[in-house]
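Below is one structure, written out as structure tokens; comments come after it.
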Amino acid sequence: GPACRYQSLAGAFEGTTIELIRCIQCRASVILLMLLVQTYLMASSITEMETYRQSVSKVQFEMAVNYLYKTSGKIIISGIGKSGHIGSKISSTLSSIGSSSFFLHPSEANHGDLGMIKKKDCIILISNSGESSELLNLILFCKKIKIPIISITSEAKSTLAKQSSAVLLIPKNVEACP
């Protein structure tokens, strides 16, 4: 069939550790790759990008892509602190390429905004440690209404990672605060 309009963007990742999956999922793949690139790494070199690509499990990556691809509702992004700032940017990027998305601040979610999350949505929770207390109610609510949780974290054994449908591990970064 005709080439997907995202194929040229996705082609930039051919031959890397994370192989592209079928073109029918190309858009979701590109979206997820954009999320990965924007999240925490802000790579300044090709070596950093390759390290980043190698840290992500292909199986988990494909699971995350499938969740995004199958989402008929909105893609919700949430995180606190630096993760929240990055999440807000990711949400804006998703919206600008035609994927319905919004950023949900965890504190606002804990004070009445959980009702914005619907059963057809998918949520991406970003936390370097995976232990941000502000995300706990979001995790519990999403589990209760059975929507997929995609986590982006550097801690495989964190609460967030353990409760997620798909976990995208990122390299551990040294943070200024404990």
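Taking the range 69-178, which GluC sites (Glu not before Pro) meet the DSSP loop condition and have no more than 15 other C-beta atoms within 10 Å?
Values: sites: GLU108, GLU131, GLU134, GLU155, GLU175; in loops: GLU131, GLU155, GLU175.
Sites meeting the loop and neighbour criteria: GLU131, GLU175.
Rounded if a/c is under 1.5, else prolate if a/b is larger than b/c, else oblate: which is the range 50-156, with a ≥ b ≥ c the root eigenvalues of its Cα gyration tensor? Display every interim value, and only then the final one.
Working: a/c = 1.41, a/b = 1.18, b/c = 1.19.
It is rounded, given that a/c, with a ≥ b ≥ c, falls under 1.5.
Apply the Karplus parameterisation 6.51 cos²θ - 1.76 cosθ + 1.60, with θ equal to phi minus 60°, to every residue of the range 99-105 and state each ³J(HN,Hα) to the nearest whole Hz, in sequence, with x for glycine and proline.
Taking θ as phi minus 60°, the curve returns 9, 4, 8, 8, 8, 10, 6 Hz for the range 99-105.
Taking 28 Å as the cut-off for C-alpha to C-alpha distance, list the pairs among LYS144/LYS172; LYS118/LYS172; LYS89/LYS118 that go past it.
Working: LYS144/LYS172 30 Å; LYS118/LYS172 32 Å; LYS89/LYS118 22 Å.
Checking Cα-Cα distances, LYS144/LYS172; LYS118/LYS172 exceed 28 Å.
Between beta-carbons, use under 9 Å as the cut-off and find the net charge around THR71, counting Lys and Arg +1, Asp and Glu -1.
Surrounding charge for THR71 is +2.
Got a sec to turn the phi values of the range 81-96 into Karplus ³J(HN,Hα) couplings, 6.51 cos²θ - 1.76 cosθ + 1.60 with θ = phi - 60°, whole Hz, x for Gly and Pro?
Calculated HN-Hα couplings, in order: x, 4, 4, x, 4, 5, x, 4, 5, 4, 4, 4, 5, 4, 4, 5 Hz.
I'd like the distance between the alpha-carbon centres of the range 118-171 and the range 61-76, rounded to an integer number of Å.
14
Throughout, read-outs are computed from the coordinates displayed, never taken from laboratory work. Model, not experiment: these values are computed from the prediction. Using ideal geometry, Cβ is built from the backbone for each residue, glycine included, and neighbour counts are taken over all protein chains shown.
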